[in-house]
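Have a look at the structure below before the remarks.
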Amino acid sequence: MYNAQGDNMSKILIVAGDLAAGKSNLARKLSAHLKVPYFSKEHIKEILGEEIEYSKREDNKKLSNSSIDLLLHILERVTAVGESVILEANFHKEELEKVKQICEFNNSKVVLLYLTGDIEALYDRFLYREMHKNRHPVHLTHPLRDVKEFEEYVHKWRSEEEVLPRNYIDVSGCDRDVVFAKALETLNALEEKGS
């Protein structure tokens with residue numbers, strides 16, 4: 001059984017992947033199950049967006065970058081004292097290099113769960129979320145107008161060079177409980193392999 005608190009080594013779990021794949025929900029469920037705090041770029045960005053103007057796309061990008069910087073700061077502080085944490089965001093290659101460097105420096109084990117799925121199903125989930133889930137306005141400044149634009153955006157992320165091994169979880173046709181079960185299965189398999 002995966003134990004985020006065991007063996008006196010902090011364990012860092014990164015939940016990343018495609019837009020609308022259910023990253024935040026999975027991070028929340030893993031946090032409750034593993035008894036490890038999680039921090040989400042999306043939530044940090046919402047907090048910042050309550051106080052900082054973001055009407056232009058460039059301003060919104062600054063909020064995103066600041067949110068990532070805060071996640072990296074949290075990671076640094078948590079690993080420095082040998083604790084575990086779950087971070088949820090779409091980290092770019094350069095950011096994952098910082099994650100890897102921080103974890104290596106503080107002798108912390110890091111696992112990257114990468115959620116992926118069928119583009120059209122993800123786009124449908126994305127549209128539903130944007131229109132019906134009372135999304136914070138800070139997330140609505142960069143509309144992806146059609147499935148082709150959405151696919152290009154997702155493929156840009158998917159094609160970035162791997163810095164940490166991606167443990168893929170295909171969410172196609174799965175409800176949240178199945179995705180959670182797949183994540184636990186992946187974590188347990190990694191624990192058994194000792195990676």
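The values are calculated or read from the model by the stated rules, or taken from the named source; none is laboratory data. The model shown is predicted, which means the values in this text are computed figures rather than measured ones. Glycine gets a Cβ as well: all are built from the backbone with ideal geometry, and neighbour counts include every protein chain shown.
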Subject >> Answer residue from segment 48-65, given it is under 17 Å from the mean Cα position of the chain (by Cα) and surrounded by 15 or more Cβ atoms within 10 Å (Cβ to Cβ) and is farthest from Val110 (Cα to Cα) among those >> reply: Leu63
**OP:** Scan segment 36-51 and report the pairs whose first residue is among the β-branched types (Val, Ile, Thr) and whose second residue is surrounded by fewer than 18 Cβ atoms within 10 Å (Cβ to Cβ) and at pLDDT below 90, with Cβ atoms within less than 8 Å and a gap of 6+ or a chain change.
**Re:** Val36/Gln5
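On the given criteria, is Leu71 part of a helix (DSSP H, G or I) and under 25 Å from Pro165 (Cβ atoms)? So that I can check it myself, show each step before the final result.
On the way: part of a helix (DSSP H, G or I): yes; under 25 Å from Pro165 (Cβ atoms): yes.
Criteria met by Leu71.
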Original post:
Given the conditions (1) without any contact (Cβ under 8 Å) to a residue 12 or more places away in the chain; (2) over 17 Å from Trp157 (Cβ atoms), which single one is not true for Glu76?
Top reply: (1)
Original post:
So is Arg57 of a type in the set (D, E, K, R), in contact (Cβ under 8 Å) with a residue 60 or more places away in the chain and over 19 Å from Leu187 (Cβ atoms) or not?
Top reply: yes
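Which count do you get for residues in segment 159-184 that are touching a strand residue (DSSP E or B) at 6+ places or on another chain (Cβ under 7 Å) and within 20 Å of Arg125 (Cβ to Cβ)?
Summing the residues that are touching a strand residue (DSSP E or B) at 6+ places or on another chain (Cβ under 7 Å) and within 20 Å of Arg125 (Cβ to Cβ) in segment 159-184 gives 7.
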Subject >> Output for segment 34-54, where each listed residue is of a type outside the set (Lys, Arg) and farther than 19 Å from Leu187 by Cβ >> reply: Glu42, His43, Ile44, Glu46, Ile47, Leu48, Gly49, Glu50, Glu51, Ile52, Glu53, Tyr54
**OP:** Select, from Leu19, Leu30, Leu13, Leu26, the only residue that is closer than 18 Å to Phe126 by Cα, touching a strand residue (DSSP E or B) at 6+ places or on another chain (Cβ under 7 Å) and not charged (D, E, K, R).
**Re:** Leu26
**OP:** Would you please name the residue that is nearest to Lys100 (Cα to Cα), looking only at residues in segment 143-187 that are assigned to a helix (DSSP H, G or I), at pLDDT 95 or above and out of contact with any helix residue (DSSP H, G or I) (no Cβ under 7 Å at 6 or more places or on another chain)?
**Re:** Leu187
Original post:
Of everything in segment 79-113 that's among the acidic types (Asp, Glu) and either in contact (Cβ under 8 Å) with a residue 12 or more places away in the chain or within 21 Å of Arg158 (Cα to Cα) (or both), which residue is surrounded by the fewest Cβ atoms within 10 Å (Cβ to Cβ)?
Top reply: Glu94
**OP:** Select from segment 10-47 the residues that are surrounded by fewer than 24 Cβ atoms within 10 Å (Cβ to Cβ), of a type in the set (Val, Ile, Thr) and either within 18 Å of Phe91 (Cα to Cα) or at pLDDT below 95 (or both) and list them in ascending order.
**Re:** Ile44, Ile47
